[in-house]
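Since every read-out is calculated from the coordinates, none of them should be taken as a lab result. All values reported here derive from a predicted model rather than from experimental measurement. When we count neighbours, we look across all protein chains shown, and the Cβ atoms used for this are built from the backbone with ideal geometry, even at glycine.
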Amino acid sequence: MAVIPAPMANKLALFEQSVLPHLNAAYNLARWLTRSATDAEDLVQEAYLRAFRSFETFQGQDARAWLLAIVRNTCFTWMRKKGDQPAIEFDEQIHGPEDAPDAESILLNEAALGSLQNCLEALPLEYREAIVLRELEELSYREISDIARVPIGTVMSRLARARRRLQQCLEGALK
Amino acid sequence: MNCEIARRLMETNDPSLAQHLRSCPSCIVGAHARYYEAPPALEQKIRASLRRETAPSVPWRPLAIAASILLAVSAIWNVVLLRSRVGQNELVAEDVFSDHLRSLNGTHLLDVPSSDQHTVKPWFAGKLDFSPPVKDVAGFPLLGGRLEYVAGHPAAALVYGRRAHIVNVFVWPSNAAAPESTQTRKGYHLRSWSDNGMAFWAISDLNGSELAQFVALLRQG
């Protein structure tokens, strides 16, 4: 095994200490975005390499948010190249029905959980991204807007639409 | 009602959730959507790829290219050298051959006719800037010596006899170790070699094996 030069060894140690602990967050995001375990694994590995190469640009901010931005970009680039993800429409006219679903019908049983999974996966990519970052990673709007590189207003509207779609979807599935 | 409370209520399927869920389907996601954990092998894979990334990279590609260029250049150079040496050798052989013929045709075979090496050797002193080895060779009596020019070099010509045959040996200093060669030119046999920084050419109309014997004896002596 080749000896790693000292500055490299330091960089590696620092990287492993600050970025590697967020592996689950990285994988969870990639898994939700790609909806595939093997793709997520490959893309997370690639994202980690990219992150390491640009570790100099990491200024000591939140390592998780920094890493998630790279994971997200890696996934989006890959999916665009694959061409299987149509970009979402930003048509403001797309609204769900104003009547809210009957929440009491949402029973949190196996079927409901399965539906939740399907409904989340059925969300357009950008909505799914926003929901996963917000509800599973519990990031702030500001952090999400940094990661997705869109204004905070867009993050909020994406979240709102995503929730509406989820409600509709769950309602439809559990009827 | 905040999400935390709503989550706890959801776990018990409390009907009072209804109101909250109207405004907060996110709670369902936060509490019940699957959080995918990375497979354990992934961390090892990433660590390994980071190790590969930090290993000092030896620039094999440029090195290989440089090496092959070097090899090609040296191969070409060797061929050029060989050709020029072959060409050089050819040139010398030609000169040796014509010098030998001239020495037999004319009256200029010997400047110093003597069978005594101690007469012949000192004769060259002052005429050449080197001292040629002059030796007695059993069965090939020394007849004498003369000055010659071979391929532009001042050379000592030592003349030996064998029955009615004449052997001319041309000697001059040479740093380049001349290749040993044996060749035949219009019925004459030529042999070349080098010893102790001197180039030697022997030529005679003797048969090849007798000339070889002569050369062997000369080099031994």
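Averaging sequence separations of C-alpha pairs under 8 Å and six or more residues apart, then dividing by the length of segment B:39-153, give the relative contact order as a whole percent. Spell out each step's value before the answer.
Working: 55 pairs, mean separation 27.7, N = 115.
Dividing the mean separation by the residue count of segment B:39-153 yields 24 percent.
Cβ neighbours within 10 Å, averaged per peptide: list B:142-152, A:56-66, A:121-131 in order, most packed at the top. Could the numbers behind the result be given before it?
Values: B:142-152: 19.1, A:56-66: 13.4, A:121-131: 20.6.
The densest-packed peptide leads the list: A:121-131, B:142-152, A:56-66.
Order B:114-125, A:21-32 from most to least packed using the mean count of other Cβ atoms within 10 Å. Before the final figure, lay out each step's value.
Numbers: B:114-125: 15.6, A:21-32: 23.1.
Highest to lowest by the protection proxy: A:21-32, B:114-125.
Listing B:Ile203, B:Ile65 from the residue with the fewest other Cβ atoms within 10 Å to the one with the most, what is the order?
Numbers: B:Ile203 25, B:Ile65 11.
The most exposed by this proxy come first: B:Ile65, B:Ile203.
Can you give the mean number of other chain Cβ atoms that lie within 10 Å of the Cβ atoms in peptide B:39-52? Before the final figure, lay out each step's value.
Working: counts 6, 0, 1, 10, 8, 0, 5, 14, 4, 1, 5, 11, 4, 2.
Average neighbour count from other chains, rounded to a whole number: 5.
Using θ = phi - 60° and the Karplus form 6.51 cos²θ - 1.76 cosθ + 1.60, what ³J(HN,Hα) does each residue of segment A:32-49 get, whole Hz, x for Gly and Pro?
Each residue's phi maps through the Karplus curve to give 6, 5, 8, 6, 9, 5, 6, 4, 4, 4, 4, 5, 5, 4, 5, 4, 5, 5 Hz.
Mind checking which lysines have their Cα closer than 23 Å to the Cα of B:Lys121? Skip sequence neighbours fewer than 8 apart in that chain.
B:Lys135
Name the shape class, rounded, prolate or oblate, that the alpha-carbon gyration tensor gives for segment B:162-204, where a ≥ b ≥ c are the square roots of its eigenvalues, rounded holds for a/c under 1.5, and otherwise prolate holds if a/b is larger than b/c and oblate otherwise. Intermediate results must be reported in sequence, preceding the final value.
Working: a/c = 3.44, a/b = 1.78, b/c = 1.94.
It comes out oblate by the Cα gyration axes.
Among A:Asp146, B:Asp205, which comes first, then next, by fewest other beta-carbon atoms within 10 Å?
Ranking A:Asp146, B:Asp205 by Cβ neighbours within 10 Å, fewest first, gives B:Asp205, A:Asp146.
Evaluate the relative contact order of chain B (contact order divided by residue number), counting alpha-carbon pairs under 8 angstrom at least 6 apart; express in whole percent. If you can, show how the numbers build up before the last one.
Numbers: 257 pairs, mean separation 25.5, N = 221.
Contact order relative to length: 12 percent.
Note down the relative contact order for segment B:98-221 as a percent, whole number, built from C-alpha pairs under 8 angstrom at least six residues apart. Walk me through the intermediate numbers first.
Working: 230 pairs, mean separation 23.2, N = 124.
Reported as a whole number, the value is 19 percent.
Using a/c under 1.5 as the rounded threshold, could you call segment B:100-221 rounded, prolate or oblate? The axes a ≥ b ≥ c are square roots of the C-alpha gyration tensor eigenvalues, and prolate needs a/b larger than b/c, oblate otherwise. Walk me through the numbers before you get to the answer.
Working: a/c = 1.31, a/b = 1.10, b/c = 1.19.
Rounded, because the longest to shortest axis ratio a/c is under 1.5.
If you plug each phi of segment B:114-127 into the Karplus form 6.51 cos²θ - 1.76 cosθ + 1.60 with θ = phi - 60°, what whole-Hz ³J(HN,Hα) values come out, in order, with x for Gly and Pro?
Once rounded to whole Hz, the list reads 6, 8, 9, 4, 7, 9, 5, 4, x, 4, 6, 4, x, 9.
Using a cut-off of 10 Å between beta-carbons, work out the net charge of the residues near A:Leu20 (Lys and Arg +1, Asp and Glu -1, A:Leu20 not included). Can you show the working numbers first?
Working: positive: B:Arg47; negative: A:Glu16, B:Glu43.
Around A:Leu20, the surrounding residues sum to -1.
Among the lysines, which fall within straight-line cross-link reach of A:Lys11, defined as a Cα-Cα distance under 25 Å, with same-chain neighbours fewer than 8 residues apart omitted?
Cross-link targets: B:Lys45.
If you take the square roots of the eigenvalues of the alpha-carbon gyration tensor of chain B and sort them as a ≥ b ≥ c, do you get rounded (a/c under 1.5), prolate (a/b over b/c) or oblate?
Because a/c hits 1.5 or more and a/b exceeds b/c, chain B counts as prolate.
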